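Chemist: This structure is in structure tokens; I'll ask about it shortly.
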Amino acid sequence: MADRPLFFLTTLAITIGVIFSYSLSAYATLFYGYNEFHFFIRQLIAGIIGIYLMWQVSRFDPEKLIVKLGFTLFLLFMVLMFVMHYLPESMATSAGGAKRWIRLPFFSLSPVEFFKIGFVVFLAWSFSRKFSHTTKVPLVDEMKIFAPYAALFLLAVFLIAVLQNDLGQIFLLGITLALMVVFAGSSFRLFFSLLMGALILAIAVIISSDHQILRIKLWWANAQNFVLSIVPEGLAKSLRVENLPEPYQIHHSLNSIQNGGFFGEGLGNGLIKLGFLSEVHTDIVLAGIAEETGFVGLFFCTLLFCAIIYRIFKIANRSENNVFYLFCVGAGILLSFSFMINAYGISGITPIKGIAVPFYSYGGSSLVANCLAIGMILSISKKAKM
């Protein structure tokens, strides 16, 4: 029998996301001239599809499903990410100067959301064959084993960071890749080597993109006063940067969190959504939740999400099949860091990356893709030892 707590916890998180897609989209519906239920209905439909898909996928035998479905997602959506760049504007929606969605009848498809799930399946399948917890090899040999994965990751960098101008997703995939390699049985020496390589690659991507440089400036404009207050005065003077752009998003998201207090302003009574920040129901949803339901509501949503991650890692720990174990670990890492990157961004700890909060943020592609991953984990749970 599939893991029922995981199914119901995920369904509850989706329900909360659907509710806030209505509560937090008030200004967006007026701005775009939509019906007041526009975003609510679309997210509700995506939620129903996601829950149904999660249930149906959970009924399959994981031995026959996981690898085949994962490879299909991996290859199909890799091709779509490349093709999307060359589609006309009438067929592809742009964001940040790059095409990120394919326009289809009644909805838009974000290929990267499904590619991430396929990417994790591919890594789980391949790592289970290449790395071992029992056999220790020199770092040079580990680097040789890892070289094809580095080439694959660079391809993903080109498709996502270059063609789509989306460094946040690459950062997320990089973390997932590095941690999965450790769980697969590699040494920590390889892990730290990968971290250094990823840092160099990230710096190279950032300095080559005006959009990413602006995000760093916006973050530092908000963070420098606090950071420089705890370092020596001479160093603080040399690090301080004047005339930085106004950190608009971070200021308003922090104000909304403060405004929410302990119990919040009440569902539907938040101010941040009234034009202070655009489309709060998407990437800034946690700030909107904090304002309307306060610390209590945000704590509950965080606790609920942690319970989902706990169930995923518990299933991973009980899985005797190494591919299934690594997939559950990878999916848990992917979901966990999506939440953390978003939470750190709206609180000003790190630059805002524009990554959706799993199950809570508005967005059909993200929701359905994550439900697909949960369905695969539920299928695996039937084979896990008790």
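Chemist: What ranking of Lys136, Lys273 comes out by heavy-atom accessible area, probe 1.4 Å, highest first?
Modeler: Sorted descending by solvent-accessible area, the residues read Lys136, Lys273.
Chemist: While we're on this one: Tell me, what is the 1.4 Å probe accessible area of Thr350, in Å² to the nearest 10?
Modeler: Spelled out: Thr350, probe radius 1.4 Å, area about 40 Å².
Chemist: Output the Cα-based Rg and Dmax of the chain in Å, rounding Rg to one decimal and Dmax to a whole number.
Modeler: 21.1, 64
Chemist: Computed FRET efficiency, Cβ-Cβ of Arg103 and Leu75, R0 30 Å: what is it to the nearest 0.05?
Modeler: 0.85
Chemist: Using only C-alpha positions, report the orientation-averaged shadow area of the convex hull of the range 340-386, nm², one decimal.
Modeler: Computed as one quarter of the Cα hull surface, the answer is 4.5 nm².
Chemist: While we're looking at this one, here's another question. Could you let me know the centre-to-centre spacing of the range 26-98 and the range 271-328, using Cα atoms, in angstrom?
Modeler: First find each Cα centre; the distance between them is then 19 Å.
Chemist: Between Trp55 and Phe188, 0.36 nm times their residue separation minus their Cα-Cα distance comes to what?
Modeler: Extra length from Trp55 to Phe188 when fully extended: 44.1 nm.
Chemist: Based on DSSP H runs of at least 4 residues, each adding -39500 (n - 2.57), what is the mean residue ellipticity at 222 nm of the chain after dividing by all its residues, to the nearest 500 deg cm²/dmol?
Modeler: So the helix-based figure for the chain works out to -23000 deg cm²/dmol.
Chemist: In addition: Take the solvent-accessible surface of the protein heavy atoms, probe 1.4 Å, and return the percent of it on the range 296-375 that carbon and sulfur atoms account for.
Modeler: 69
Chemist: Could you please put Thr10, Thr15, Thr293 in sequence from largest to smallest accessible area, using a 1.4 Å probe?
Modeler: Thr15, Thr293, Thr10
Chemist: DSSP loop GluC sites (Glu not before Pro) in the range 22-131 with at most 10 other Cβ atoms within 10 Å of their Cβ, which ones?
Modeler: Glu89
Chemist: Could you compute how much accessible surface Trp125 exposes when probed at 1.4 Å, giving the result in Å² to the nearest 10?
Modeler: That residue has around 80 Å² of solvent-accessible surface.
Chemist: Please report the spacing between the Cα centers of the range 361-386 and the range 132-182 in Å, no decimals.
Modeler: One Cα centre to the other: 23 Å.
Chemist: What three numbers, in Å, describe the spread of the alpha carbons of the range 1-142 along their principal axes, ordered from the longest?
Modeler: Principal-axis extents of the range 1-142 (Cα, largest first): 61, 43, 27 Å.
Chemist: How would Cys301, Cys306 rank on accessible area, largest to smallest, probe 1.4 Å?
Modeler: Putting Cys301, Cys306 in descending order of accessible area: Cys306, Cys301.
Chemist: Tell me the GluC sites (Glu not before Pro) within the range 264-321 that lie in a loop according to DSSP and have at most 15 other beta-carbon atoms within 10 Å.
Modeler: Answer by residue number: Glu320.
Chemist: Sort largest first and round to whole Å: the equivalent ellipsoid semi-axes of the range 52-211, each the square root of five times a Cα gyration tensor eigenvalue.
Modeler: That gives 29, 23, 11 Å for the three semi-axes.
Chemist: For a quick check of understanding: with a 1.4 angstrom probe and all protein chains in place, what accessible area in square angstrom does Arg318 have, to the nearest ten?
Modeler: The accessible area of Arg318 comes to roughly 40 Å².
Chemist: How large is the accessible surface per residue of the range 54-161, computed with a 1.4 Å probe and reported in Å² as a whole number?
Modeler: Per residue, the range 54-161 has an accessible area of 52 Å².
Chemist: Now a separate question. If I stretch the segment between Lys144 and Ile216 completely, what's the gain in nm (0.36 nm per residue apart, minus their alpha carbon distance), one decimal?
Modeler: Roughly 22.5 nm would be gained on extension.
Chemist: Let me ask something else. Viscosity 0.890 mPa s, temperature 25 °C: what is the translational diffusion coefficient of the range 296-386 from Stokes-Einstein with a Kirkwood Rh over Cα pairs, rounded to a whole number of µm²/s?
Modeler: 176
Chemist: Given the Cα-Cα distance of Arg4 and Asn269 and 0.36 nm per residue of separation, how much length would full extension add, in nm?
Modeler: Here the segment from Arg4 to Asn269 would lengthen by 92.0 nm.
Chemist: Taking R0 as 30 Å, what's the FRET efficiency between Lys382 and Ile48 from their Cβ-Cβ distance, rounded to 0.05?
Modeler: For R0 = 30 Å, the calculated efficiency reads 0.80.
Chemist: Accessible area per residue, 1.4 Å probe, Å², for the range 302-369: what's the number?
Modeler: 30
The values are calculated or read from the model by the stated rules, or taken from the named source; none is laboratory data. Because the structure is predicted, anything quoted here is derived from the model rather than measured. As a convention, Cβ positions derive from the backbone with ideal geometry for all residues, glycine included, and neighbour counts pool all protein chains shown. Protein only, heavy atoms only, side chains kept; ligands, DNA and RNA dropped before computing areas. Shrake-Rupley method; radii C 1.70, N 1.55, O 1.52, S 1.80 Å.
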